[in-house]
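Each remark here refers to the structure printed beneath this line.
The values are calculated or read from the model by the stated rules, or taken from the named source; none is laboratory data. Keep in mind the model is a prediction, meaning the values are calculated, not measured. With ideal geometry, Cβ positions are generated from the backbone for all residues, glycine too; neighbour counts draw on all protein chains shown.
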Amino acid sequence: MKILVCISSVPDTTTKINFTPDNKSLLTQGVQFIINPYDEIALTRALELTEKEGGKVTVITVGDHSTEPVIRKALAVGANDAIRVDAVPRDAFFTASQIAKAATENNYDLILCGHESIDYNGARIPSMVAEMLRIPSVTICKKLTIEGKVLTAEREIEGGKEVVECPLPAVVSASEGMAAPRIPNMRGIMSARTKPLAVTQAVDVPKLSEVIGYDKPQPRSTVQLIPADQPEKLIELLHTQARVI
Amino acid sequence: MSVLVYVEHSEGKIKKSSFEATTYGKDLSVMLNLPCVAVAIGNISAEELKLLGAYGASKVVHCNSPELSSFSAQSYAGAVASVAAEEKAKVVLLSASFSVKGMAPRVAVKLQAGFADGVISMADVSSGFKVRKGAFSGKAFANISMYSDIKVITISPNSYKILKGEGSAEVVINSYKPGAEENKVKVKETIRATDKISLPEAEIVVSAGRGMKGPENWGMIEDLAASLGAALACSKPVADAGWRPHSEHVGQTGVTISPNLYIAIGISGAIQHLAGVSSSKTIVVINKDPEAPFFKAADFGIVGDALEIVPKLTDAVKRFKAAH
Ligand SMILES: Cc1cc2nc3c(=O)[nH]c(=O)nc-3n(C[C@H](O)[C@H](O)[C@H](O)COP(=O)(O)OP(=O)(O)OC[C@H]3O[C@@H](n4cnc5c(N)ncnc54)[C@H](O)[C@@H]3O)c2cc1C
Ligand SMILES: Nc1ncnc2c1ncn2[C@@H]1O[C@H](COP(=O)(O)O)[C@@H](O)[C@H]1O
């Protein structure tokens, strides 16, 4: 079984976010980049599946050379090889087009993504890639098993969950619970240095949208404390001041 | 030409989030000087669909072929894209539910349209087409300019005020049938907790963390939620420990929500938790530690023991509801 895992390099949630003076891009100085947490889950599940059934796990990222530490981390965790499409992602359509192209060239049985990236929180890439490849997709999955050429997944729906079955090839996006992320061991870290990392050129696609500026939310005004023995005071404020009940 | 709104329903009833999307669609269509058309898929009555007229849809296209009776991202996206082409939609609008998150990007690819997800306010059409959404897990907003002729946007639930007027929409049947290759995902089992309020759409969310000590203390949290008509949520460690199901876990690795009111009980307010809840309109924090970081992100707070405060708060809510 050949699995492609899409990974994106994102700022660690705990780091402070600042933007360039024109507010058009993230100021990356001093920002710690990590594998998107959901992608780490997807990668771990891919490794578990190939360890059981045999096969190979390739990771792909669309990004410039600054994303290589994150790719090496994925290799250290256990991926067999990696592809880096050398471009700064412009919009989701651009990123998905690059992944779809690589997928077409290599015939994967399964493409595993994270449910969403924690930088843009879009949940766009997995479904776009599936549509470009004209294959089925199951998103926001908490469980994934594969039997022969059929996958079974548990996906989240409003107020519950759904168990679905779908033939391969397919795209699956991973959510919390599909696997517990692994920490690379020393042997993994050593071998990651020599695992193949192919750098490919991006295909050109039309620019359909772009971020023209970022801004930060207004800080909340300081908290109004209500004495613990006057809960009715809170209810009153929620009614008259916040107007939420 | 038109503005097309995708309408979701559950057990025969149109979802509130779809009334919200229809109101948004209508207001946008007025600015663009286009009619607002809705599209619904699957088993739902014409009577129910006519209700969309009161929210501004002039027409509802109903795709009701049996092949579309259960959700599949691929076939539903096919139906919406097909109706969008027939109605010459300039903008396709959807409310960002779990299912929509899996189908809207497909609609965009099919229509070669620019895509923006989780939009939080009305589009700016004064020059070009600009939308605004959250980014970096609640730490920033991104303003996006869309250049494509057709645009697909999903709106974040609870971000636009529903406006109900008068009127009834005309319902027309569309016979779109997905191809066999578009219908490969088969639903084997649906596990639904029907009596529960869906978390991403809820207007009020009551959430609790490790400060509750153990699952045996969740009864009072459920009582408070019931008194407010709120959905339940929890912090990650609570779900990890199996005190509550993972579907209730909010935050960076859980569900992202933006209710009108978020009540956090016994939750410290770690950045990964805030990432999923910081766009809530009003935040109330109940914590025994006055130094808990959550108080910095809160509008109202009570310092004290949740086990004592929560039952009293529930009584206060009940008294309030009885009086209003
Ligand atoms: C990659 C990553 C992703 C993560 N994703 C998430 C996520 O999505 N969601 C999430 O929630 N967390 C997430 N976390 C975990 C997060 O960092 C915190 O550990 C977690 O949110 C803490 O949960 P808590 O507030 O319930 O527990 P604690 O941090 O233990 O806080 C308990 C709070 O309860 C208070 N308390 C104790 N007793 C009482 C009482 N009797 N009455 C009132 N208050 C009381 C305490 O003062 C304390 O503030 C993530 C962490 C990592 C590393
Ligand atoms: N630049 C990228 N390179 C490779 N995969 C990506 C990239 N961006 C996003 N993805 C994948 O798509 C998923 C959803 O991302 P998003 O659509 O940005 O929320 C992520 O969890 C990754 O698996």
Subset of the stretch A:32-52 (residues that are more than 16 Å from ligand 1 (Cβ to nearest atom) and surrounded by 13 or more Cβ atoms within 10 Å (Cβ to Cβ)): A:R45, A:A46, A:L47, A:E48, A:L49, A:T50
Test: residue in the stretch B:170-182 that is basic (K, R) and facing another protein chain (nearest Cβ under 10 Å): no
Qualifying position, being surrounded by 20 or more Cβ atoms within 10 Å (Cβ to Cβ) and out of contact with any Asp or Glu (no Cβ under 8 Å at 6 or more places or on another chain), among B:V125, B:V92: B:V92
Any hit, the stretch A:108-117, residues being on the phi < 0 side of the Ramachandran plot, surrounded by 23 or more Cβ atoms within 10 Å (Cβ to Cβ) and within 7 Å of chain B (Cβ to nearest Cβ): no
Residue pairs meeting the criteria (Cβ under 9 Å; at least 6 apart or on separate chains; first within 14 Å of B:A73 (Cα to Cα) and within 16 Å of ligand 1 (Cβ to nearest atom), in the stretch A:116-142; second in a loop (DSSP other than H, G, I, E, B) and among the charged types (D, E, K, R)): A:A123/A:E116; A:I140/A:E116
Looking only at the stretch B:244-259, and only at residues there that are closer than 20 Å to B:N287 by Cα and either polar (S, T, N, Q) or near ligand 1 (Cβ under 10 Å from one of its atoms) (or both), the one that is modelled with the highest pLDDT: B:V250
Complete set of residues in the stretch B:92-110 that are under 23 Å from B:V30 (Cα atoms) and either of a type in the set (D, E, K, R) or away from ligand 2 (no atom under 16 Å from the Cβ) (or both): B:V92, B:L93, B:S95
Number of the exception - B:V152 against (1) surrounded by 14 or more Cβ atoms within 10 Å (Cβ to Cβ); (2) without any contact (Cβ under 8 Å) to a residue 40 or more places away in the chain; (3) closer than 24 Å to B:F98 by Cβ: (2)
For B:D124: the one exception among (1) assigned by TED's automatic domain parsing to the domain that holds B:S70; (2) at pLDDT below 95: (2)
Residues that are β-branched (V, I, T) and either more than 10 Å from chain A (Cβ to nearest Cβ) or outside any loop (DSSP other than H, G, I, E, B) (or both), drawn from the stretch B:239-259: B:V250, B:V255, B:I257
Condition met for B:K161 (basic (K, R), more than 10 Å from chain A (Cβ to nearest Cβ) and over 25 Å from A:M132 (Cα atoms)): yes
Which numbered condition B:Q272 fails, given (1) at pLDDT 95 or above; (2) closer than 24 Å to A:D12 by Cβ; (3) within 8 Å of ligand 1 (Cβ to nearest atom): (1)
Criterion: more than 20 Å from the chain's Cα centre (by Cα) and either within 14 Å of chain A (Cβ to nearest Cβ) or not in a strand (DSSP E or B) (or both) - qualifying residue of B:L34, B:L28, B:L52: B:L34
Within the stretch A:131-143, tally of residues that are more than 7 Å from chain B (Cβ to nearest Cβ) and either within 19 Å of B:S97 (Cα to Cα) or buried (at least 24 other Cβ atoms within 10 Å of the Cβ) (or both): 1
Any strands (runs of 3 or more DSSP E) falling wholly within the stretch B:82-141 and containing at least 1 residues that are facing chain A (nearest Cβ under 8 Å) and of a type in the set (F, W, Y): B:114-119
Top-ranked residue in the stretch B:53-95 [being touching a Ser or Thr at 6+ places or on another chain (Cβ under 7 Å) and of a type in the set (F, W, Y); ranked as farthest from B:A108 (Cα to Cα)]: B:Y55
For B:H62: the one exception among (1) in a loop (DSSP other than H, G, I, E, B); (2) more than 18 Å from B:L163 (Cα to Cα); (3) more than 13 Å from chain A (Cβ to nearest Cβ): (1)
